Amino acid sequence: MGAGHDHGHAHSHAPATGTAAAAYRGRLRIALGITLTIMVVEIVGGLAADSLALIADAAHMATDAVGLGMALLAIHFANRPPSTNRTFGYARAEILAALANCVLLLGVGGYVLYEAIERFMTPAQTHGGLMVVFGLIGLVANSISLSLLMRGQQESLNVRGAFLEVAADALGSFAVLVSAVVILTTGWQRADPVASLVIGLMIVPRTLKLLRETLDVLLEAAPKDVDMTEVRTHILALDGVEDVHDLHAWTITSGMPVLSAHVVVSSDVLSAIGHEKMLHELQGCLGDHFDVEHCTFQLEPGGHAEHEARLCH
């Protein structure tokens, strides 16, 4: 505590079990194994059936495999202990992995769209029967992976990136099946590049949404479920609180929101209840109304903000 003013801090740390994605490490490994297997199967099927839709889905499977591998690697780094130089450890590695997934997905989506337009102009002879077989295999396998990641995608951007990739694959497999039925029943070969276009159009919008959320974390925007105006209102409603400034909230990684604030408290109230009780009240105020795991408060007497401003100049 400084000699001329009152500082205090309250902290609530993230759970010791690690980041939100860590609980789904085993399921991500299973999904990775399924993805690699189906990728090989669809490459074989695409070549045998001369189907761009199957090849496109296999290419997306390849980026899924890379994405799932990066997600697992990110979880490993994210749960390494903090150090004096990296006070939050490697938790942000998960967000970097999600960003890398976005770049991969956008690249694959663009490639699939380009190839689909090319093949629509010059259709090839595609074997619908083989497409049905390999499309069904892909759909069943992707459905299993989706069930494994369904819960985790609500808790972690890293897992959500993997979930969206697998979801796009499942829809892609369904598009392959539909195009195969069209080819078998009507002989219209352009159904294959049309299915490829559908796959590409499913990849890009979802990826852009994930990219926006990932960039919000990297740019340290306030967590989407934390209304900063409400936070300020709740703090100001506490007895003795005169003002709050330098109020910041951001997200280190999924499931790890952070908040800090300078809280101006009347000297009479601080003298009457003490710093510890005031800090507990602030912590309880946010804990009851907002899902913030780590809070830091600096308690200040009136006029201290102006003193800090003069020191800065």
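The values are calculated or read from the model by the stated rules, or taken from the named source; none is laboratory data. Quantities reported herein were computed from a predicted structural model and do not represent experimental measurements. With ideal geometry, Cβ positions are generated from the backbone for all residues, glycine too; neighbour counts draw on all protein chains shown. Side chains are part of the model used for accessible areas, which takes the heavy atoms of the whole protein and leaves out ligands, DNA and RNA. Shrake-Rupley method; radii C 1.70, N 1.55, O 1.52, S 1.80 Å.
Got a number for residues in the range 109-136 being touching a residue at least 12 places away in the same chain (Cβ under 8 Å), of a type in the set (A, V, I, L, M), part of a helix (DSSP H, G or I) and open to solvent by 20 Å² or more (accessible area, probe 1.4 Å)?
Residues that pass the stated criteria total 6.
Could you grab me the full set of residues in the range 253-274 that are under 29 Å from Leu157 (Cβ atoms) and modelled with pLDDT of 85 or more?
Hits for the range 253-274 are Pro257, Val258, Leu259, Ser260, Ala261.
Among (1) modelled with pLDDT of 90 or more; (2) out of contact with any Lys or Arg (no Cβ under 7 Å at 6 or more places or on another chain); (3) not aromatic (Phe, Trp, Tyr), there is one condition Leu208 misses while meeting the rest; what is its number?
Here Leu208 clears every test but (1).
Check off (1) at negative phi; (2) modelled with pLDDT under 75 for Gly46 and give me the number that stays unchecked.
Every listed condition holds for Gly46 apart from (2).
Looking at (1) farther than 30 Å from Val178 by Cα; (2) modelled with pLDDT under 90, find the lone condition where Val244 falls short.
(2)
Restricting to the range 75-108, name every residue that is among the aromatic types (Phe, Trp, Tyr) and either open to solvent by less than 50 Å² (accessible area, probe 1.4 Å) or assigned to a loop (DSSP other than H, G, I, E, B) (or both).
Once the filter is applied, which keeps residues that are among the aromatic types (Phe, Trp, Tyr) and either open to solvent by less than 50 Å² (accessible area, probe 1.4 Å) or assigned to a loop (DSSP other than H, G, I, E, B) (or both), the range 75-108 yields Phe88, Tyr90.
Among the residues of the range 215-239, which ones are more than 15 Å from the chain's Cα centre (by Cα), buried (at least 18 other Cβ atoms within 10 Å of the Cβ) and in a loop (DSSP other than H, G, I, E, B)?
Scanning the range 215-239 gives a single hit, Val226.
Give just the number: which of (1) within 29 Å of Glu213 (Cα to Cα); (2) open to solvent by 10 Å² or more (accessible area, probe 1.4 Å); (3) touching a helix residue (DSSP H, G or I) at 6+ places or on another chain (Cβ under 7 Å) does Phe297 not satisfy?
(2)
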